Amino acid sequence: MAIIPRKRRSFLLIPVLVVASAIVGGLYGPNAQVASAATGDDDISASVRDFTRLYSTVEQNFADPVNADKAIYNGAIPGMLRTLDPHSNFFDPKALAQMREDQRGHYYGVGMRIEGRQNQAGVMQTIIVEPFVGSPAYKAGLRPNDVLASVNGKPTDGLTSADVADLLKGPKGTPVEIKVLRGEGADSLTVDIVRDEINRSSVPMAFMIKPGIGYVKIDEFIETTGDDFEAALKKLDEDNLRGLILDLRGNPGGLLTEAVRVAGHLLPKGVEIVSHRGRASREKSYTAVEGNHGRNYPIVVVVNRNSASASEIVSGALQDHDRAWIFGDNTFGKGLVQTVYPLAENTGLALTTAHYYTPSGRLIQRDYSSVSFFDYYYRANTEARNPADVKMTDSGRTVYGGGGISPDQKFEVPKAGPLETDLYVKYMFRNFTNHFFSVHKEQLPKGWKFDAAQMKEFHDWLLSQKYDLNEAEFTKEYDAIRRRMQSEFYKTAFNVDDSSRYIIETDPEIAAAIESLPKAQALVATANRIRAERAKK
């Protein structure tokens, strides 16, 4: 059998993809007349021939050599999928492997988050954002703001953070040499690290934020989320909770099965959590299998415009059954089911096959038919909903579909002031942290505060850097800047977990959510009373 050159193999994915789609439609779509099927096959064949001729013309006549993988993987296939909806997607081998790794929640490497940043000379460098607590990188003493200079002798300047991440990953037990530059003097530090399994919990924070009141943050829904969530509640002594703050802000979603597990843990056994149906897929309903075992502590779910998909399944189910008070901003409105179809050469197609509906029957998905993809993703108006999609919760409250999940109580997040924003985008918070720990070598004690003395030191350092400081803005934004600086210091002095906890404990939105717990309690009581009255009839 002839071996097809790689660029030709990439090109052949197009007819394979078209034929595969036709087969899927034939297996799961409605019955069709033989004549119609023949016509459809003719149309597909004609389209493939047209594309083949077009690509051949481009490959032979374009001014520069044509990268077949780029033209097909990054051009033709995504271009076709964009005519369908905003979320159908094609994964090249690297992207598909990364998606699977993300869903599993673990990988083999050194355990740290990195990002690219240009230095003053315009060279892209790799900065350590955070070593994960307990990871090999953390145990080796690597710090936030360290500049990653080389990996196993290979310089990282000019590389993307994805390229550097690939260098850091490797089989468990294998060594890797990492050279970093630290502090204002760019002191060189070389460490030898042994790669290990890195497990990233999808529930990074769970603690008692007030006596009897638990706080749980879910970052995403991966294969371990159900277990992570139950372990977090066990840690909080769930049977004795007097209230729970469930933080889904910024959670982009993930696996349906894990969203069902989380919602099912909080709802009565047997109630519906979500259903989905599509043109070629039958309606399927998911219910609470284990149930909440009679636990009825009040719950406030905090969401925002970046809470999507699986996050909306959980918040929508809890709202429809009057089990939780939804707090914050309207969610994103992503209620499309993506089925991943494996294709040739370790590629994959995530194709929208159905729509999600909450227990009351409302559609989660926002309308995207009359807006650009840019406006769809970065919409200014989060209030959009379908006035014709009107449903009722268990207790008779009115809710709407077609626009994500609308909160029971809106919260306007205070915007960062102009000075705080400018200091952030110019990396002044990180740079001063670097300066401070270059000068002060002593370990800071637990509970240390960034007080007035440090604020003055920060103020004077900004002036020494020739920063154009607006004194009136510095005074006005003093508390917000101090909070931001303390959080940044905690990452280096302690760890990112302590920094994140400090931010949550001083978050005005979380404080307001805690104050709303009596509303959640009243909601549960009213819903239980109405259900009892209905049961008597």
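Output the DSSP H helices from the chain with an along-axis C-alpha extent of no less than 30 Å and a mean Kyte-Doolittle hydropathy no less than -0.5. Counting only whole DSSP H runs, the qualifying helices are 6-28, 34-61.
Shown is the FRET efficiency for ASP498 and LYS154, computed with R0 = 41 Å from the Cβ-Cβ distance and rounded to the nearest 0.05: 0.80. Spatial offset of segment 49-80 relative to segment 89-112 amounts to 27 Å, using the alpha carbon center of each. Its Cα gyration tensor gives segment 366-468 an equivalent ellipsoid. The semi-axes, each the square root of 5 times an eigenvalue, are 47, 20, 11 Å from largest down. Size estimate for the chain follows the Kirkwood approach: the inverse of mean 1/r over distinct Cα pairs works out to 26.5 Å.
Among LEU318, LEU256, the ranking by other beta carbons within 10 Å of each residue's beta carbon, starting with the fewest, stands as LEU256, LEU318. Its convex hull of Cα atoms gives segment 216-311 a direction-averaged projected area, equal to a quarter of the hull surface, of 6.5 nm².
Expressed per residue, the C-alpha convex hull volume of segment 190-272 stands at 145 Å³. For segment 322-337, the residues whose backbone nitrogen is under 18 Å from a point 7 Å from the Cα of ALA532, taken along Cα to Cβ, are 322-323. Between ASP227 and ASN296, full extension at 0.36 nm per residue minus the direct alpha carbon distance yields a gain of 22.8 nm. The slack in the chain from LEU189 to ALA480, taken as 0.36 nm per residue of separation less the alpha-carbon distance, amounts to 101.4 nm. The 3J(HN,Hα) values that the Karplus relation (6.51, -1.76, 1.60; θ = phi - 60°) gives for segment 203-208 are, in residue order, 10, x, 9, 7, 7, 7 Hz. Gly and Pro appear as x. By the beta-carbon count within 10 Å of each Cβ, the least crowded to most crowded order of HIS106, HIS265, fewest first, is HIS106, HIS265. A Förster radius of 30 Å combined with the Cβ-Cβ distance from THR421 to TRP461 puts the calculated FRET efficiency at roughly 0.95. Each of LYS210 and SER370 was given a label point 7 Å from its Cα along the Cα-to-Cβ line. The distance between the two points is 4.4 nm. State which entries of LYS446/LYS491; LYS172/LYS491; LYS179/LYS446; LYS449/LYS491; LYS269/LYS334 exceed 19 angstrom in Cα-Cα distance in the structure shown. Where the Cα-Cα span goes over 19 Å, the pairs concerned are LYS172/LYS491; LYS179/LYS446; LYS269/LYS334. Among SER464, SER202, a tally of other beta-carbon atoms within 10 Å of each Cβ gives an order, fewest to most, of SER464, SER202.
Considered as an equivalent ellipsoid built on the Cα gyration tensor, segment 418-506 has semi-axes of 21, 15, 11 Å, the largest given first. Extension gain for THR339 to ALA512 (0.36 nm times residue separation, less C-alpha to C-alpha distance): 58.4 nm. For segment 343-441, the set of chymotrypsin sites (Phe, Trp or Tyr not before Pro) satisfying both a DSSP loop assignment and a count of at most 11 other C-beta atoms within 10 Å is given as TYR378. Distant-in-sequence amide contacts of ALA354, defined by a placed amide H-H separation under 5 Å and a gap of 5 or more residues or a different chain, comprise VAL337. Taking every DSSP helix (H) stretch of at least 4 residues in the chain, weighting each as -39,500 (n - 2.57) and dividing the sum by the residue count yields a mean residue ellipticity at 222 nm of -12000 deg cm²/dmol.
Here, each number is a calculation from the coordinates, and none is a lab measurement. Just so you know, these numbers come straight off a predicted model, no measurement behind them. Virtual Cβ from ideal backbone geometry, glycine too; neighbours counted across all protein chains shown.
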